[in-house]
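Everything on this sheet refers to the single structure shown next.
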Amino acid sequence: MLQVLHIENIAVIECADIAFDRGFNVLTGETGAGKSIVIDAISAIIGERAYRDMIRTGTEKASVQAVFSDVPELPWFRENGVSYEEETVIQREIYLDGRNVCRVNGSLVSVSVLRKLGRQLIDIHGQHDSASLFDENNHLQFLDDFAANEELRTEYKEKYDSVCALRREIDRISMDEGEKLRRMETLRYQIAEIEKAELEIGEDTVLEERRKLLQNSEKLSDGIETAVQALYGGDDSDGAVALLQEAQREMARLSRYTDMYSAVQERLADLMYQVQDVAEEIRSARDDLSYSPQELDRIEERLDIIHRLRKKYGATCEEILSYMEQAKAELDEIEFADDHLEKLKRKLQKAETEAWSAADCLTENRQARAKAMAEAICSELAQLDMPKVQFSCEFTKTELTLSGADGVAFYMSANAGEALKPMSKVASGGELARIMLAMKNVQAEKDRIDTLIFDEVDTGVSGRAAQKVAEKLRSVSVNKQVLCVTHLPQLAALANTHLLIAKEERNGRTYTTVTPLDKVGRTRELARIIGGANITETTLKSAEEMLRT
């Protein structure tokens, strides 16, 4: 269960520590006091989307920390390499630049990974959830959640994916005769054009390098000739080779008189041999360098052919040749498409049969569980002051879709003698709220989530119905921790723990506080909810009576 929630710099909450208890916890306060901010903070801590707008003006980041007690040893901890603690601590920091830093028991996790854990710890029912019952597109998901038929849905989806893949392949190779002939003619032309060029892998790179060399051959020739003269000398001067030879001979002569010049003489000899080798290489390069205008013309013509192919089929010779192989494969496929198409159609027929079989199993499961769900919801609604309600799931057969072959719509009749009609046409806001509460309760009995949060579940509910809703939430809280944001005194009076959300202004800034109420505080808060700002002896006595009963 959620034991402690610490909030810093979220909207108008500068800093708040909120302690929740087992059983039924309610949060009350004036409209706009900040009750929804507490719910937003809890949503953030379980990995739901958080916005930079949440950050309190003038601060760089917002942070939330939650302590959960009696956490079961979920597979999530092992799968994500997070140490398991029965008292689990979750932290999340939200920065102005959009960064989010999330930790579970000190280990860094991503927001998406945190969300997978959060959805196993807390179930939040917001005001929009009841409205979602108006949309029949959501009804099938409600039923599947109750039916817990994930294994059947997974099995069906595998079959359905195979059907879709075969249909796409058939569509891809199916074409009329005219289109087929045009495509074959295009492919043959492209293959012939590339084959005629007789390309080689890497040929374009080699030719471009050779062209660059030939285009600059005159400059290269002049430079090499200058280097040769510097090494070998010319008519008017000795080159480096001759000078080194002379220096080496002189040092060798001196070495006959004393050993002190022997090392220098050897170094000069080595240097002379190295320079001679370099000189020979340069002279050889000069002899090999030949400039041929005809060769340059041939290279330009060849590169022009390659350039035209590049614009059509790929950036390099390798890509052009790869395209040719793909074109040949496609041409073979089209030429033998009729045989291949027949094989695919036989496979598709078999795949569709298997998919329909899986869809029928899914339908059978849904119909059986729909009856059980309708009975459970009617039982819950009877306890919520709707004893005459009738509820059913109406099925229509569809084609194979991603979710099966079923269309599901919830039908109901809230009054005796009235025919069942689509929920969106007959349910009022208060009835929708109670139906959603009933469905949540039915679902809560099946799952292992310990904490349920209801954000203004009382919308559209008043009088005796409100009392029934309060009693139902109180009964649910016997086995679950229930947190409820409410404006109804009937709900607040039945709480085990009552928290007051209040807003005040200090030094031109707005601050929200969260205060646990004692008996006196609860009495005054109930009196405020009953009578508004004008708290009288009568409203106080009414509040005291509600708390006693």
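The values are calculated or read from the model by the stated rules, or taken from the named source; none is laboratory data. Note that this is a predicted model, so its numbers are computed, not measured. Glycine gets a Cβ as well: all are built from the backbone with ideal geometry, and neighbour counts include every protein chain shown. The accessibility values were calculated without ligands, DNA or RNA, using every heavy atom of the protein model including side chains. Shrake-Rupley method; radii C 1.70, N 1.55, O 1.52, S 1.80 Å.
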Next item on the list: Please list, ordered by first then second residue, the pairs with beta carbon atoms under 8 Å, 6 or more apart or interchain, first in the stretch 22-35 and outside any loop (DSSP other than H, G, I, E, B), second of a type in the set (Ser, Thr, Tyr).
Entry: PHE24/SER477; PHE24/THR497; ASN25/THR497; VAL26/THR486; VAL26/THR497; LEU27/THR486; THR28/THR486; LYS35/THR28
Item checked: Of residues in the stretch 479-511 being without any contact (Cβ under 8 Å) to a residue 40 or more places away in the chain and over 25 Å from ILE55 (Cβ atoms), the one most open to solvent (accessible area, probe 1.4 Å) -> ASN479
Margin query: Quick check on this structure: which one of VAL514, VAL476 is under 19 Å from LEU381 (Cα atoms) and either among the polar types (S, T, N, Q) or in contact (Cβ under 8 Å) with a residue 12 or more places away in the chain (or both)?
Written below: VAL476
Item checked: Of residues in the stretch 374-410 being aromatic (Phe, Trp, Tyr) and under 14 Å from MET423 (Cβ atoms), the one most open to solvent (accessible area, probe 1.4 Å) -> PHE391
Check: Mind checking whether some residue in the stretch 502-509 is touching a Pro at 6+ places or on another chain (Cβ under 6 Å) and part of a strand (DSSP E or B)?
Finding: no
Item checked: So VAL38, is it touching a residue at least 12 places away in the same chain (Cβ under 8 Å), part of a strand (DSSP E or B) and open to solvent by less than 20 Å² (accessible area, probe 1.4 Å) -> no
Checklist line | the stretch 85-99 - residue that is more than 16 Å from ILE42 (Cβ to Cβ) and either under 19 Å from the mean Cα position of the chain (by Cα) or not aromatic (Phe, Trp, Tyr) (or both) and, of those, surrounded by the fewest Cβ atoms within 10 Å (Cβ to Cβ) | finding: ASP97
Notebook entry, point to check: Considering GLY223, GLY202, which residue is touching an Asp or Glu at 6+ places or on another chain (Cβ under 8 Å) and exposed (fewer than 14 other Cβ atoms within 10 Å of the Cβ)?
Noted result: GLY202
Next item on the list: Provide a single number: the residues in the stretch 411-434 that are open to solvent by 20 Å² or more (accessible area, probe 1.4 Å), within 39 Å of the chain's Cα centre (by Cα) and among the small types (Gly, Ala, Ser).
Entry: 3
Notebook entry, point to check: Right, GLN276: open to solvent by less than 60 Å² (accessible area, probe 1.4 Å), closer than 24 Å to GLN229 by Cα and assigned to a helix (DSSP H, G or I) or not?
Noted result: yes
Checklist line | Identity of the residue in the stretch 21-34, open to solvent by less than 10 Å² (accessible area, probe 1.4 Å) and of a type outside the set (Gly, Ala, Ser), that ends up nearest to LEU491 (Cα to Cα) | finding: VAL26
Check: Which residue out of ARG298, ARG310 is open to solvent by 60 Å² or more (accessible area, probe 1.4 Å), closer than 26 Å to ARG182 by Cβ and either among the polar types (S, T, N, Q) or at pLDDT 85 or above (or both)?
Finding: ARG310
Checklist line | Of the criteria (1) within 25 Å of MET324 (Cα to Cα); (2) among the basic types (Lys, Arg); (3) at pLDDT below 80; (4) loosely packed, with under 13 Cβ neighbours inside 10 Å, which one ARG168 fails | finding: (3)
Notebook entry, point to check: With respect to ALA327, is the statement that it is open to solvent by less than 20 Å² (accessible area, probe 1.4 Å) and closer than 30 Å to ARG183 by Cα true?
Noted result: yes
Margin query: Please pick out the residue among GLU380, GLU418 that is at pLDDT below 85 and in contact with a strand residue (DSSP E or B) (Cβ under 9 Å, 6 or more places away or on another chain).
Written below: GLU418
Check: What is the one condition in (1) within 20 Å of the chain's Cα centre (by Cα); (2) buried (at least 19 other Cβ atoms within 10 Å of the Cβ); (3) part of a loop (DSSP other than H, G, I, E, B) that VAL82 does not satisfy?
Finding: (1)
Item checked: Condition met for LEU214 (open to solvent by less than 30 Å² (accessible area, probe 1.4 Å), modelled with pLDDT under 80 and at negative phi) -> yes
Notebook entry, point to check: From the list ASP288, ASP277, which one is at pLDDT 80 or above and of a type in the set (D, E, K, R)?
Noted result: ASP277
Check: Which residue pairs have Cβ atoms under 9 Å apart, sit 6 or more places apart or on different chains, and have a first residue in the stretch 216-229 that is farther than 13 Å from ALA279 by Cα and a second that is open to solvent by less than 90 Å² (accessible area, probe 1.4 Å) and modelled with pLDDT under 75?
Finding: SER217/LEU289; SER217/SER290; SER217/SER292; LEU220/ALA285; LEU220/LEU289; SER221/ARG286; SER221/LEU289
Margin query: Return the pair list, or none, for Cβ contacts closer than 6 Å from residues in the stretch 111-128 that are under 19 Å from ASP145 (Cβ atoms) to residues that are at pLDDT below 85, at least 6 apart or on different chains.
Written below: ASP123/ILE449; HIS125/LYS440; GLY126/ASP455
Check: What is the one condition in (1) in contact (Cβ under 8 Å) with a residue 12 or more places away in the chain; (2) of a type in the set (A, V, I, L, M, F, W, C); (3) open to solvent by less than 40 Å² (accessible area, probe 1.4 Å) that ILE282 does not satisfy?
Finding: (3)
Notebook entry, point to check: Picking from ALA66, ALA44, ALA16, which residue would you name as being open to solvent by less than 60 Å² (accessible area, probe 1.4 Å) and in a helix (DSSP H, G or I)?
Noted result: ALA44
Next item on the list: Read through the list (1) touching a helix residue (DSSP H, G or I) at 6+ places or on another chain (Cβ under 6 Å); (2) open to solvent by 50 Å² or more (accessible area, probe 1.4 Å), then give the number of the only condition that ILE194 fails.
Entry: (2)
Note to self: Being exposed (fewer than 15 other Cβ atoms within 10 Å of the Cβ) and either out of contact with any His (no Cβ under 6 Å at 6 or more places or on another chain) or among the charged types (D, E, K, R) (or both) is the requirement here; does VAL476 meet it?
What the structure shows: no
Note to self: Let me confirm something: among GLU48, GLU93, which residue is among the acidic types (Asp, Glu) and out of contact with any strand residue (DSSP E or B) (no Cβ under 6 Å at 6 or more places or on another chain)?
What the structure shows: GLU48
